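Chemist: Dropping a structure here in structure tokens format, bear with me for questions.
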Amino acid sequence: MSQTTTFGVDGMTCGHCVHAVTTELSALPGVTDVAVDLVVGGSSTVRVTSDAPLADDAVPEAVVEAGYAVTPRRSLL
């Protein structure tokens with residue numbers, strides 16, 4: 001069963017930002033899809049789908065590695 005986690009990312013302003021975050025999150029083991037709804041000047045929405053639950057710190061660490069901050073939202077099964 002796949003799991004989708006939705007969260008906010010602050011500080012993204014362009015397509016390059018989207019690419020950086022998508023690349024970091026896609027590299028996590030088990031991630032099957034990453035979708036970003038860019039909101040310039042606000043908190044962008046990012047959805048990560050994985051084929052298994054991700055470690056609690058995996059997504060925030062990947063986003064920080066890309067240079068941005070995470071605002072947790074919710075998980076959908």
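Chemist: Go through the range 40-64 and give me each residue that's over 14 Å from Gly8 (Cβ atoms), touching a residue at least 24 places away in the same chain (Cβ under 8 Å) and in a loop (DSSP other than H, G, I, E, B).
Modeler: Passing the criteria: Asp51, Ala52, Pro53, Leu54.
Chemist: On to the next question. Among the listed residues Val59, Val46, Val70, Val64, identify the single one that is out of contact with any Phe, Trp or Tyr (no Cβ under 8 Å at 6 or more places or on another chain) and of a type outside the set (Asp, Glu).
Modeler: One residue alone meets the criteria, Val64.
Chemist: Report yes if some residue within the range 65-74 is in a helix (DSSP H, G or I) and surrounded by fewer than 16 Cβ atoms within 10 Å (Cβ to Cβ); otherwise report no.
Modeler: yes
Chemist: Within the range 1-24, restricting attention to residues that are under 11 Å from the mean Cα position of the chain (by Cα), open to solvent by less than 40 Å² (accessible area, probe 1.4 Å) and in contact (Cβ under 8 Å) with a residue 40 or more places away in the chain, which residue is nearest to Ala69 (Cα to Cα)?
Modeler: Filtering the range 1-24 for residues that are under 11 Å from the mean Cα position of the chain (by Cα), open to solvent by less than 40 Å² (accessible area, probe 1.4 Å) and in contact (Cβ under 8 Å) with a residue 40 or more places away in the chain, the one nearest to Ala69 (Cα to Cα) comes out as Val9.
Chemist: Could you grab me the full set of residues in the range 33-47 that are open to solvent by 40 Å² or more (accessible area, probe 1.4 Å) and on the phi < 0 side of the Ramachandran plot?
Modeler: Selection gives Asp33, Asp37, Leu38, Val39, Val40, Arg47.
Chemist: Would you mind telling me which numbered condition in (1) open to solvent by less than 20 Å² (accessible area, probe 1.4 Å); (2) out of contact with any strand residue (DSSP E or B) (no Cβ under 6 Å at 6 or more places or on another chain); (3) of a type in the set (A, V, I, L, M, F, W, C) Ala52 fails?
Modeler: In the conditions (1) open to solvent by less than 20 Å² (accessible area, probe 1.4 Å); (2) out of contact with any strand residue (DSSP E or B) (no Cβ under 6 Å at 6 or more places or on another chain); (3) of a type in the set (A, V, I, L, M, F, W, C), Ala52 misses (1) alone.
The values are calculated or read from the model by the stated rules, or taken from the named source; none is laboratory data. The model shown is predicted, which means the values in this text are computed figures rather than measured ones. A quick note on method: Cβ atoms are made from the backbone with ideal geometry, for glycine too, and the neighbour counts reach across all protein chains shown. Keep in mind that these areas ignore ligands, DNA and RNA; they rest on the heavy atoms of the full protein, side chains included. Shrake-Rupley method; radii C 1.70, N 1.55, O 1.52, S 1.80 Å.
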